[in-house]
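Here is the structure we will look at, set down as structure tokens.
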Amino acid sequence: MRRISWTVLISATILLVVFLFATVGSWVLGDSIRQDALLGVSPAGTPGHIFGTDDLGRDILSLSIAGTRSAVVGPIAIALGSMLIGMLLGTVSGYQGGWIDLLLSKYADLLLALPVTLVALVVAGLVGGGYWVTVVILIVLFSPTDIRMMRSAVMTQSTRPYIESAKVLGLSRWRIMFRHILPNVIPIAIATMLLNVAFALVAMSALSFLGLGVGPGEPDWGRQLADGRNLLTDNPAAVVIPGLLIILTATAINMTCDWIQKHYNARVEAV
């Protein structure tokens, strides 16, 4: 049995903490974004505020914990939505071939050529984007990667003997695609989805930093980075803490996903 490295254990621990922050953090903290105008900005180490407060007197630690939910829920939704689109269109494209494959491949190539953050910024700005509008836009922009990954995996499976046997039995194309091929390529879809969570986390934080996504004053890591830019001299923790949370979470997701992929490949090779 392969031993789990300490880096994977640390990554899994970080993700567990982030999960707890996102699910029960706000409930435990209560009113985490309560303002204290009399206190205002205070440095780290202030009694009762381990990482200090922002210019509105809000506790940085509590605000960061409360912001976990908006910081990770959107990226998870983006990754799930993108995976579902990729599974549907990629499977059809890889198995059907012909003009359908050409059309879907050109669609994926076109979206892959676009700068994700810039396009999301322009489109969300034009439609007056809020948090979930931004999520929908990023689902569409993230889907080409899943489409191409699924297309390649399905094309590989399409030449296997069990598919030829299914064709000889007279099974329909849709049954072969979604009852026989799809279950064998789902692990690839899941691995891609996990990676997309990390990419979407960075993208959503960047858009929140630029003023899209969550509203002003709402707890969110990207919004905290934007609001804390003017506090670097008074309380650097207002920027450092949310920045570290973004980096650590994205890195933990990538490390965990890499371990899962290697573990899966090792099991496949052993079969």
If one compares the long axis through the Cα atoms of helix 98-112 with the longest principal axis of the Cα atoms of the chain, the angle in degrees, nearest 10, works out at 20 degrees
Sorted on mean Cβ neighbours within 10 Å (highest first), peptides 105-115, 187-197 come out as 187-197, 105-115
Taking Cα atoms, the helix 237-270 axis meets the longest principal axis of the chain at an angle in degrees (rounded to 10) of 20 degrees
Output ordering of 81-90, 167-176 (per-residue mean of other Cβ within 10 Å, highest first) is 81-90, 167-176
Highest mean packing first, using Cβ neighbours within 10 angstrom, the peptides 156-163, 204-211, 144-151 sort as 144-151, 204-211, 156-163
Once phi for every residue in segment 36-52 is put through the Karplus expression 6.51 cos²θ - 1.76 cosθ + 1.60 (θ = phi - 60°), the whole-Hz ³J(HN,Hα) values, with Gly and Pro written as x, are 10, 4, 5, 7, x, 6, 9, x, 4, x, 5, x, x, 9, 4, 10, x
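None of the figures in this text is laboratory data; all of them are computed from the coordinates on show. Computed from a prediction, not measured in an experiment: that's the story for all the values here. Glycine also receives a Cβ, built like all others from the backbone with ideal geometry; neighbour counts cover every protein chain displayed.
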